[in-house]
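K.L.:
Here's a structure for you.
The values are calculated or read from the model by the stated rules, or taken from the named source; none is laboratory data. Model, not experiment: these values are computed from the prediction. All Cβ positions, glycine included, derive from the backbone under ideal geometry; neighbour counts span all protein chains shown.
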Amino acid sequence: MLRLRYSLPLSVLSFSLLPLTAAISTAAQAQSANQLEPVTVTTTRGNSEAGETPQKITVINRDEIEQQMAITNDQAQVLSNLIPSYSPSRQKLTNSGETFRGRDPLFLIDGIPQSNPLRDGSRDGYTIDLAMVERIEVIHGASAEHGLGATGGIINFVTRRPEGTELRQHIGVGVSAPTDYESDGLSYETDYRLEGIHGDWDFLLGGAYKSRGLFYDADGRAVGIDQAQGDTMDSQSYDVFMKIGYWLDDTQNLELSVNRFELEGNHDYVGIDGDRANGVPATSVKGDPAGDPVRNEALTTSLSYRNTDLAGNDVRLQLYTQRFRARYGGDTFGTFQDPTIAPAGTLFDQSQNESDKYGAKFTLTRDG
């Protein structure tokens, strides 16, 4: 390799630095004679004004949901595939560790909060089957609008509405299996809807059922089951949904909506710990776990009134309730051993989150 080098004589270098030294000395004297007042500089990542900063909104339509459901029936995985700022799904019943923009989102169903902040069990992401959802509205960024925690943003599942003017029915079925076929990894699902509009009445009745098998990794090994927080694999779920509306006139509508969702583990497998040092992952084998199976149960009801032209305003009043039950796995955890209650190592602990909410909302919207 050819290298070219050039050396500057030291005498020339020393001579050239003398004027520069003199200039620095003169500037320092001028600065000491004229002291500047402190200057404060503020900036934002975008050109915005206080109180007038819009939030980014994403709407996931039914076609996009259908495309994702051809790949997975896991709600969290659908969200992570379609929303870049939603963390990858853990495919567990408990969505602890899954974040939206690095923080916890607030899940809603038709504007009804699904979180239970007084006893946050991180199960609010699994309270409805996606077969009953028309679209998903996502607000990026923290919001205190609902007062129930939305530090990462809001994810609102908007349920289906009746379409057309005739009685319509729909039935769907689906089956999935691991690439390396294993019978215990077989999953299947079905859903049914009956809907119609008759005179001033409209209605929609729907139901969905899913049976999930064991999950396998890319090497054909059974994934380790989470016996404490709960898993969506090796489980069954069903959703029963009803929506009935009555039009008082062309601008006024009354609507009753009820959604009953339950997911429960089959309780057929136990977890086997892995060995991190030797690169052995955790796995699952047939067994009889202690305690009762993990479960998520949610009953969400809503009665709403809407007037689209009340003195030029769009007004909506909503009354709602939510009954929530979440059971977690149990074991003889060392943390909960108390010799005054039972001999050490024999005290079995299993918890359940039971929460009930009653609420009301009043919304007024006016153009301009």
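K.L.:
Please go through the range 93-119 and give me each residue that is over 16 Å from Ala326 (Cβ atoms) and touching a His at 6+ places or on another chain (Cβ under 9 Å), ordered by number.
P.N.:
Phe100, Arg101, Leu106, Leu108, Gly111
K.L.:
Would you point out which residue out of Gly141, Gly153, Gly149 is of a type outside the set (Phe, Trp, Tyr), in contact with a His (Cβ under 7 Å, 6 or more places away or on another chain), surrounded by 14 or more Cβ atoms within 10 Å (Cβ to Cβ) and on the phi > 0 side of the Ramachandran plot?
P.N.:
Just one listed residue meets the conditions, Gly153.
K.L.:
Residues in the range 250-278 that are closer than 22 Å to Gly329 by Cα and either free of Cβ contacts under 8 Å to residues at least 40 places away in the same chain or not aromatic (Phe, Trp, Tyr) (or both): how many?
P.N.:
Adding up the residues that qualify gives 12.
K.L.:
With the condition kept exactly as written, say whether any residue in the range 216-225 is in contact with an Asp or Glu (Cβ under 8 Å, 6 or more places away or on another chain) and modelled with pLDDT of 95 or more.
P.N.:
Within the range 216-225, none of the residues are in contact with an Asp or Glu (Cβ under 8 Å, 6 or more places away or on another chain) and modelled with pLDDT of 95 or more.
K.L.:
So which of Ala76, Ala131 ends up being small (Gly, Ala, Ser), buried (at least 17 other Cβ atoms within 10 Å of the Cβ) and within 21 Å of Arg325 (Cβ to Cβ)?
P.N.:
Ala76
K.L.:
Could you go through the range 238-246 and let me know if any residue there is crowded, with 19+ Cβ neighbours inside 10 Å, hydroxyl-bearing (Ser, Thr, Tyr), modelled with pLDDT of 90 or more and within 28 Å of the chain's Cα centre (by Cα). First the steps, then the outcome.
P.N.:
If we filter the range 238-246 for residues that are crowded, with 19+ Cβ neighbours inside 10 Å, which is where we start, we get 239, 241, 243, 245.
Now narrow it down to the ones that are hydroxyl-bearing (Ser, Thr, Tyr): none.
For the range 238-246, residues crowded, with 19+ Cβ neighbours inside 10 Å, hydroxyl-bearing (Ser, Thr, Tyr), modelled with pLDDT of 90 or more and within 28 Å of the chain's Cα centre (by Cα): absent.
K.L.:
A follow-up question, please. Every residue in the range 298-355 that is among the β-branched types (Val, Ile, Thr), closer than 17 Å to Asn253 by Cβ and surrounded by fewer than 14 Cβ atoms within 10 Å (Cβ to Cβ), please.
P.N.:
Thr308
K.L.:
Based on this model, can you work out whether Pro343 counts as free of Cβ contacts under 8 Å to residues at least 12 places away in the same chain and not basic (Lys, Arg)?
P.N.:
Answer is yes for this residue.
K.L.:
Further question on the same structure: Has the range 99-111 got any residue that is surrounded by fewer than 21 Cβ atoms within 10 Å (Cβ to Cβ) and in contact with a helix residue (DSSP H, G or I) (Cβ under 7 Å, 6 or more places away or on another chain)?
P.N.:
no
K.L.:
Another one. Against the definition (farther than 16 Å from Lys92 by Cα, under 28 Å from the mean Cα position of the chain (by Cα), assigned to a loop (DSSP other than H, G, I, E, B) and aliphatic (A, V, I, L, M)), how does Ala218 come out, yes or no?
P.N.:
In short, yes.
K.L.:
State whether one or more residues within the range 199-218 are acidic (Asp, Glu) and touching a strand residue (DSSP E or B) at 6+ places or on another chain (Cβ under 6 Å).
P.N.:
There is at least one residue in the range 199-218 that is acidic (Asp, Glu) and touching a strand residue (DSSP E or B) at 6+ places or on another chain (Cβ under 6 Å).
K.L.:
Can you name the condition, by its number, that Val270 falls short on among (1) part of a loop (DSSP other than H, G, I, E, B); (2) surrounded by 15 or more Cβ atoms within 10 Å (Cβ to Cβ); (3) among the aliphatic types (A, V, I, L, M)?
P.N.:
All conditions pass for Val270, except number (1).
K.L.:
Return the pair list, or none, for Cβ contacts closer than 6 Å from residues in the range 107-118 that are on the phi > 0 side of the Ramachandran plot to residues that are modelled with pLDDT of 95 or more and crowded, with 23+ Cβ neighbours inside 10 Å, at least 6 apart or on different chains.
P.N.:
As it stands, the answer is none, since no pair meets every condition given.
K.L.:
Continuing with this model, one more query. Specify the residue that is farthest from Thr283 (Cα to Cα); the eligible residues are those in the range 190-215 that are in a strand (DSSP E or B), of a type in the set (Asp, Glu) and out of contact with any helix residue (DSSP H, G or I) (no Cβ under 8 Å at 6 or more places or on another chain). Give the derivation first.
P.N.:
We begin by selecting, within the range 190-215, every residue in a strand (DSSP E or B); these are 190-198, 201-212.
Subsequent filtering for residues that are of a type in the set (Asp, Glu) retains 191, 195, 202.
In the following step, the residues that additionally are out of contact with any helix residue (DSSP H, G or I) (no Cβ under 8 Å at 6 or more places or on another chain) were identified as 195, 202.
Numbers: Glu195: 44, Asp202: 49 Å.
Filtering the range 190-215 for residues that are in a strand (DSSP E or B), of a type in the set (Asp, Glu) and out of contact with any helix residue (DSSP H, G or I) (no Cβ under 8 Å at 6 or more places or on another chain), the one farthest from Thr283 (Cα to Cα) comes out as Asp202.
K.L.:
Of all residues being in contact with a Leu (Cβ under 8 Å, 6 or more places away or on another chain), charged (D, E, K, R) and part of a strand (DSSP E or B) in the range 221-261, which is nearest to Arg295 (Cα to Cα)? Just the residue, please.
P.N.:
That would be Asp231.
K.L.:
Here are Val39, Val59: which of them is modelled with pLDDT under 85 and β-branched (Val, Ile, Thr)?
P.N.:
Val39
K.L.:
Check Thr44 against each of (1) of a type in the set (Ser, Thr, Tyr); (2) in a loop (DSSP other than H, G, I, E, B); (3) modelled with pLDDT of 85 or more and name the one condition it does not meet.
P.N.:
(3)
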